[in-house]
Amino acid sequence: MLTGAAFAPFSACKMETQSEKLKNWAGNLTYSTANVFEPKTVSEVQDIIKKCKKVRALGTRHCFNRIADSPENLISTKYLNEISPIDLTTRTITVGAGIRYGEFCKQLHDQGYGIHNLASLPHISVAGACATATHGSGMANGNLATPVSAIEMVTAGGELVTLSKEKDPDAFYGAVVGLGALGVITKVTLELIPTFAVRQDVYLNLPVAQLENHFDEIMSGGYSVSLFHDWQTENINQVWIKRKVKEGETLTAEQEFFGATLADRNVHPILEISAENCTEQMGVPGPWYDRLPHFKMGFTPSSGEELQAEYFVPRQHAVEAIKAVATLKDEIRPVLMITEIRAIDGDNLWMSPCYHQPSIAIHFTLKQDNNGVSALLPKIEEKLAPFGVKPHWGKLFTIPPPTLQSRYEKLSEFQQLINQYDPEGKFRNEFIQTNIFGSPA
Ligand SMILES: Cc1cc2nc3c(=O)[nH]c(=O)nc-3n(C[C@H](O)[C@H](O)[C@H](O)COP(=O)(O)OP(=O)(O)OC[C@H]3O[C@@H](n4cnc5c(N)ncnc54)[C@H](O)[C@@H]3O)c2cc1C
């Protein structure tokens, strides 16, 4: 366990000094403190929390904004990565909060199980992903927090609390997408499904005009469908279709998909980048954990040096929302690397952008041009405002807090839940204070 010199060491935690402040994955922000604890057990987490006045949990640092930041102390969950045996009765697995999907999904598959969906990358921690409602794609697929059936969490007083879908439905639905504001999650229990195989086919140059009358059909073209677009031509650059394949079943891919042409090689979403980092395409069947993410574990996901923003709108407004963003194509061009459009099913999680609302997410992988991005995002947000747009909690956005808050019907229940588990604001950082409570810290 590590901490910085400014913090009086806890002997129970065997702390060392971390002299340098950590950066997030993209390197666009430096966390405000060098006091980073790395507990190996739940009781160490309890000890640290009891002794800290201010603290936040830190997963794999893949967020682009200051949601995970703390002015005083961070608890890295990287050593909270144990895997319990699969519970065959409930068909669930309990994992340490800090484990990355890529570290246990193969093991699940080897034992005959799967998780319904994954994000574009397997490098992120389970608790960190669920805390921000991280998602993949698929008309019938909820976000990554939807298969959570229980969480174990250390709250502000150092108490260990378990919340389950079955026993504590109210608090549970508020706590799973908890933005790190209720406590430090130490274990997550996930509902499993039987393992499945997926094949991935990519189509190039889908005429944008096809979205007008066929959006739902296009997004239902597979178990998970992603559209990659640069907004500059009359074509969607790439359509990635991930289809389930049953054992012994031979699926073929049509040469054409709504006017798009089947790719004859593996491609990266940004065509100029080598596809080496991408999961196998060209219809080669493989296990779910090696096809649902776009990028392979052990390789750099996406482009690396980038910023990201992503916006959710109700699915019924998908085409109108895409058209509204397209009017900004000239402003988008200088800063965009690529856009990805995905579908996410509705859920019951209070702070999920898809709460009771099947949605589409319009994602922007952007150049690390802070001024350009800061100028662009409010324009996109304005175009999407008529559709009640919500931003991804872990990515960049500029929506004013009162507007953001008005779009979460369970906001006041969530505020009460925070006050119940953290009455003195130990886990409240500036991001939470501003965006959830509406005033700067
Ligand atoms: C290359 C790249 C690709 C991405 N692809 C996708 C994608 O496909 N879909 C998508 O939706 N998002 C995507 N993201 C965003 C990413 O999934 C989210 O930012 C996610 O929250 C990152 O998880 P993390 O473990 O890095 O969390 P961190 O960034 O470390 O933390 C995120 C939040 O979770 C809280 N937290 C972390 N661990 C705990 C814990 N144990 N207890 C309580 N709170 C905790 C933190 O306090 C913080 O508020 C991508 C990001 C990158 C960099």
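Worth pointing out:
- Of the residues making up the range 161-200, those that are within 14 Å of the ligand (Cβ to nearest atom), in contact with a helix residue (DSSP H, G or I) (Cβ under 7 Å, 6 or more places away or on another chain) and of a type outside the set (A, V, I, L, M) number 5.
- Scan of the range 346-375 for residues that are open to solvent by 50 Å² or more (accessible area, probe 1.4 Å) and either acidic (Asp, Glu) or in a strand (DSSP E or B) (or both), ordered by number: Asp369
- Cβ-Cβ under 7 Å pairs, at least 6 apart or on other chains, the range 83-97 side farther than 12 Å from Ala150 by Cα, far side among the charged types (D, E, K, R) and away from the ligand (no atom under 16 Å from the Cβ): Arg91/Glu191
- Among the residues of the range 331-338, some residue qualifies, meaning at least one is surrounded by 18 or more Cβ atoms within 10 Å (Cβ to Cβ) and within 13 Å of the ligand (Cβ to nearest atom).
- The range 288-312, subset hydrophobic (A, V, I, L, M, F, W, C) and part of a strand (DSSP E or B), residue surrounded by the most Cβ atoms within 10 Å (Cβ to Cβ): Phe312
- All positions within the range 222-239 that are more than 20 Å from Leu121 (Cβ to Cβ) and open to solvent by less than 10 Å² (accessible area, probe 1.4 Å): Trp231, Ile236
- Odd one out for Ile399 among (1) over 29 Å from Thr33 (Cα atoms); (2) not in a helix (DSSP H, G or I): (1)
Conditions (1) surrounded by 20 or more Cβ atoms within 10 Å (Cβ to Cβ); (2) acidic (Asp, Glu), marked per residue:
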residue: Ile241; (1), (2): yes, no
residue: Val245; (1), (2): no, no
residue: Glu272; (1), (2): no, yes
residue: Gly286; (1), (2): no, no
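- Any hit, the range 396-404, residues being more than 15 Å from the ligand (Cβ to nearest atom), open to solvent by 10 Å² or more (accessible area, probe 1.4 Å), of a type outside the set (A, V, I, L, M) and under 13 Å from Val313 (Cβ atoms): no
- Residue in the range 251-258 that is over 24 Å from Gln210 (Cα atoms) and either acidic (Asp, Glu) or within 16 Å of the ligand (Cβ to nearest atom) (or both) present: no
- Restricting attention to the range 131-143 and to residues that are among the aliphatic types (A, V, I, L, M) and either within 12 Å of the ligand (Cβ to nearest atom) or not in a loop (DSSP other than H, G, I, E, B) (or both), the residue that is nearest to His392 (Cα to Cα) turns out to be Ala133.
- From the list Leu80, Leu118, Leu22, Leu108, the one residue that fits, being at pLDDT 95 or above, under 21 Å from the mean Cα position of the chain (by Cα) and under 21 Å from Ala156 (Cα atoms), is Leu80.
- Out of Lys50, Lys40, Lys54, one residue alone is at pLDDT 95 or above, more than 10 Å from the ligand (Cβ to nearest atom) and either surrounded by 22 or more Cβ atoms within 10 Å (Cβ to Cβ) or outside any loop (DSSP other than H, G, I, E, B) (or both). It is Lys50.
The values are calculated or read from the model by the stated rules, or taken from the named source; none is laboratory data. Note that the coordinates shown come from a computational prediction; the quantities given were computed from them, not determined experimentally. Every residue, glycine as well, gets a Cβ built from its backbone with ideal geometry; the counts of neighbours run over all protein chains shown. Just the protein is used for accessible areas: all its heavy atoms, side chains included, with ligands, DNA and RNA removed. Shrake-Rupley method; radii C 1.70, N 1.55, O 1.52, S 1.80 Å.
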